[in-house]
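*Asks:* Dumping the structure here so I can ask a few things about it.
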Number of protein chains: 2
Amino acid sequence: MNIGWIGTGVMGAAMAAHVQKAGHELFVYNRTKEKAEALVKGGAHWCESPAEVGKNADVVFSIVGFPTDVEGVYLGTSGVLSARGQCKIIVDMTTSTPTLAKKIARAAEEKGVKSLDAPVTGGDIGARKGTLAVMVGGDKEAYEKALPIMELFSSKVTYFGGPGAGQHAKACNQISVAGTMIGMVEAMLYAYKQGLDPEAVIDVVGSGAGGSWSMNNLAPRIVKGDYKSGFFVEHFVKDMGIALQEANAVGLSLPGLSLIHQLYVAVKAQGHGRSATQSLFIALKSLSEKEDTK
Amino acid sequence: MNIGWIGTGVMGAAMAAHVQKAGHELFVYNRTKEKAEALVKGGAHWCESPAEVGKNADVVFSIVGFPTDVEGVYLGTSGVLSARGQCKIIVDMTTSTPTLAKKIARAAEEKGVKSLDAPVTGGDIGARKGTLAVMVGGDKEAYEKALPIMELFSSKVTYFGGPGAGQHAKACNQISVAGTMIGMVEAMLYAYKQGLDPEAVIDVVGSGAGGSWSMNNLAPRIVKGDYKSGFFVEHFVKDMGIALQEANAVGLSLPGLSLIHQLYVAVKAQGHGRSATQSLFIALKSLSEKEDTK
């Protein structure tokens, strides 16, 4: 099958490599061409625009940065849906808004194209290992057709319902992550401040009722002083903002997420937008340090 | 060895049963005598006061409700330390304040008794199975002597340092739990409100970067409508209050814990003090329901 691939960042490049390895013909576009080089060397066809990808591929996958990027990729003047051609199914895997997912689904339908919103979780490690989890919303038939391709880079693909349902499921994931992050970071701050052995704390807390993926995987990075490896703060701020906006739209109050979102806005404001989410530790530490000097 | 046991609630009774099974002579006291019946039938000696326990036992363990109860047990007029006798080591396993742990350690020292603060995590299931984790502070030599007894009901015993260090480690645990609870509950609220299959959400979120013990163990109880099984809200409110007070005392700002503590004060105020911590779901749902009726 001819597969289109738009977005070859850390996640996208690793995922597309699995598709390429399985023997599919790849048609690739990325804003920064250099990041697609490995795929092109491996035989992928470089395209000059999303439209050109849509003209050549049966199924187009995208994983880019922000909802505005997604909108450009599909609905822009040189977007996938601007040109007629091969494309029967589009699959956006960016963590974006359910509202945009529905808008794209409607626009696609008008052109006889089926649309899926299919954000992923599992990080760069999951992308490299091909063990991502994919949360899918949109046309059920298109889901069944795209499933064998998604399984090339995933160990769990779940269908949640119509357009936007995949994005809603991803929002649940990010809401849960937000909670585990504040809990983990404040527990570590407390541990350091009270002079406890941080590794012993991670060992005990991480294996019991206070345990979380964040405690087991990101707290050790804080101990090592590694604030670069992991998921970008600016993307997390975006994801939490989407969840809050969608919750607000249906009259759902999420006080915890709201505070955590604002704290991450502060993390970003302190210059850590392109650092990993465990940088919350640095930002919260800065709230307390003045007390140390008294 | 003669073992004293004060506090035979859900946790204490199950833990003491493991000690009894191992062949130790037990001297038991509990505010409500009936709750010690199974142990007494099994051969434990009933004592009329903590002082009587202290007179007869080499090592006294306690696990009661609140710090004021702990203070009464050890420093009260008929407390363990009020009478001279056998007792060489006291081990309080209640989740209590590091400040009280230090106070008891000083009072014990004056009477030639060694003290440990050794709160546990792992819940009623861990107590029954004998797989609790114990976080220990206090005299190192006393820790080594008490260790074989603690191992009868634990799978992990960690020494964190001098008096109060066990309580500080437990505070880390509860801070982390607080984060996982708000994340899990708000994710579930969002899932229901957006019409997603809650079990599919737990399955995907629980196995990825948003995963936590709370998501995997307590979210399914929300789906079943079970708000009784688990850890009491009123105890959790107490634990978070202790952590906040101790953090404040060393100039540490914990904005996440502070909000979550206040939300749990509301859960308790709504009449769920003796319900399990997943009741946060009910309380937060009540914030949003009015929007449903518009």
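Every number here is computed from the coordinates shown, using simple stated rules; none is lab data. The shown structure was predicted, so the numbers you read here are calculated from the model rather than taken from an experiment. Cβ coordinates were reconstructed from backbone atoms using ideal geometry, including for glycine residues, and neighbour counts include every protein chain displayed.
*Asks:* Write out the trypsin sites (Lys or Arg not before Pro) in segment B:201-248 meeting two conditions: DSSP loop, and at most 13 other Cβ atoms within 10 Å of their Cβ.
*Replies:* Passing sites in segment B:201-248 are B:LYS228.
*Asks:* Could I ask something else about it? Choose one answer from A:CYS87, A:CYS172, A:CYS47: the residue with the largest mean-square fluctuation in a GNM of chain A with alpha-carbon springs under 10 Å.
*Replies:* Taking springs between Cα atoms under 10 Å, the residue moving most is A:CYS172.
*Asks:* Under the definition of Cα pairs under 8 Å and six or more residues apart, what whole-number percent is the relative contact order of chain B?
*Replies:* Values: 536 pairs, mean separation 37.9, N = 294.
It rounds to 13 percent for chain B.
*Asks:* Divide by every residue of chain A the summed helix terms, -39500 (n - 2.57) for each DSSP H run of at least 4, and state the resulting mean residue ellipticity at 222 nm, rounded to the nearest 500 deg cm²/dmol.
*Replies:* Numbers: 14 runs with 156 residues, N = 294.
After summing the helix terms and dividing by the residues of chain A, the value is -16000 deg cm²/dmol.
*Asks:* What FRET efficiency would be calculated for the residue pair B:GLU109, A:GLN270, taking the C-beta separation as r and a Förster radius of 41 Å, to the nearest 0.05?
*Replies:* For B:GLU109 and A:GLN270, the calculated efficiency is 0.35.
*Asks:* Give me B:GLU186, A:GLU141, B:GLU71, B:GLU151 ranked fewest to most by other Cβ atoms within 10 Å of their Cβ, as a rough exposure proxy.
*Replies:* Lowest count first: A:GLU141, B:GLU151, B:GLU71, B:GLU186.
*Asks:* Can you count the Lys pairs in segment B:168-292 whose Cα atoms are under 28 Å apart, with each pair 8 or more apart or on different chains?
*Replies:* Counting lysine pairs in segment B:168-292 gives 20.
*Asks:* Among A:SER62, A:SER212, A:SER96, whose mean-square fluctuation peaks in a Gaussian network model of chain A (Cα, cutoff 10 Å)?
*Replies:* For chain A, modelled as a Gaussian network with Cα springs under 10 Å, the answer is A:SER212.
*Asks:* Go through segment A:1-69 and name the GluC sites (Glu not before Pro) that are in a DSSP coil and have 12 or fewer other Cβ atoms within 10 Å of their Cβ.
*Replies:* In loop regions of segment A:1-69 (DSSP not H, G, I, E or B), the sparsely surrounded GluC sites (Glu not before Pro) are A:GLU48.
*Asks:* Sticking with this one: Would you mind ranking B:LEU259, B:LEU196, B:LEU280 so that the residue whose beta carbon has the fewest other beta carbons within 10 Å leads the list?
*Replies:* Going from least to most buried by this count: B:LEU259, B:LEU196, B:LEU280.
*Asks:* Which log10 I(q)/I(0) values does chain B give at q = 0.07 Å⁻¹ under the Debye formula, counting every alpha carbon as one identical point scatterer?
*Replies:* -0.29
*Asks:* Once R0 is set to 41 Å, what does the formula 1/(1 + (r/R0)^6) return for the Cβ-Cβ distance between B:ARG84 and B:ASN248, expressed as a FRET efficiency to the nearest 0.05? All intermediate terms of the calculation are to be shown ahead of the outcome.
*Replies:* Working: r = 38 Å, r/R0 = 0.93.
E between B:ARG84 and B:ASN248, to the nearest 0.05, is 0.60.
*Asks:* Taking each residue of A:163-175 in turn, how many C-beta atoms of other protein chains fall within 10 Å of its C-beta, and what is the average? Don't skip to the answer; put the middle values down first.
*Replies:* Values: counts 0, 1, 4, 1, 1, 7, 10, 3, 5, 18, 10, 6, 12.
Per-residue shielding by partner chains comes out at 6.
*Asks:* Average projected area of the Cα convex hull of segment A:183-254, in nm²?
*Replies:* 6.0 nm²
*Asks:* Distances from B:GLY251 to the same residue in each other copy, label points 7 Å out along Cα→Cβ, in nm, shortest first?
*Replies:* 4.8
*Asks:* Pull up the cross-link candidates among the lysines for B:LYS129, meaning alpha carbon to alpha carbon under 16 Å and not fewer than 8 places away within one chain.
*Replies:* Result set, ordered by chain and number: B:LYS21, B:LYS156.
*Asks:* In which sequence would B:ILE125, B:ILE175 go, from the one with the fewest C-beta neighbours within 10 Å to the one with the most?
*Replies:* So the ranking, lowest neighbour count to highest, is B:ILE125, B:ILE175.
*Asks:* Give, in whole angstrom and from largest to smallest, the semi-axes √(5λ) of the equivalent ellipsoid of the protein assembly as shown, with λ running over the eigenvalues of the Cα gyration tensor.
*Replies:* Values: eigenvalues 574, 99, 84 Å².
Each semi-axis is the square root of five times an eigenvalue, giving 54, 22, 20 Å.
*Asks:* Springs between alpha-carbon atoms under 10 Å, Gaussian network over chain A: tell me which of A:PRO67, A:PRO198, A:PRO50 tops the mean-square fluctuations.
*Replies:* Ranking A:PRO67, A:PRO198, A:PRO50 by mean-square fluctuation puts A:PRO198 first.
*Asks:* Using per-residue counts of other Cβ atoms within 10 Å, averaged over each peptide, order B:3-9, B:14-20 from highest down.
*Replies:* Peptide ranking by packing, descending: B:3-9, B:14-20.
*Asks:* Among A:ILE3, A:LEU81, A:GLY23, whose Cα sits farthest toward the positive end of the charge dipole of segment A:2-162 (+1 at Cβ of Lys/Arg, -1 at Cβ of Asp/Glu, about the Cα centre)?
*Replies:* A:GLY23
*Asks:* Using only the Cα atoms of segment B:2-162, construct the convex hull and provide its projected area averaged over every direction, in square nanometres to one decimal.
*Replies:* Averaged projected hull area, Cα only: 7.7 nm².
*Asks:* By a straight-distance test (C-alpha under 18 Å), which lysines pair with A:LYS55 as possible cross-link partners, with residues fewer than eight away in the same chain excluded?
*Replies:* A:LYS88, A:LYS111, A:LYS114
*Asks:* Turning to a different aspect of this structure: Rounded to two decimals, what is the ratio between the C-alpha radius of gyration of segment B:168-292 and 2.2 N^0.38 Å? Intermediate results must be reported in sequence, preceding the final value.
*Replies:* On the way: Rg = 14.5 Å, N = 125, 2.2 N^0.38 = 13.8 Å.
Normalised by 2.2 N^0.38 Å, the Cα Rg of segment B:168-292 equals 1.06.
*Asks:* Amide H neighbours of B:GLU25 under 5 Å, counting only residues 5+ apart in sequence or on other chains, H built in-plane at 1.01 Å?
*Replies:* Residues meeting the amide H criterion: B:ILE3.
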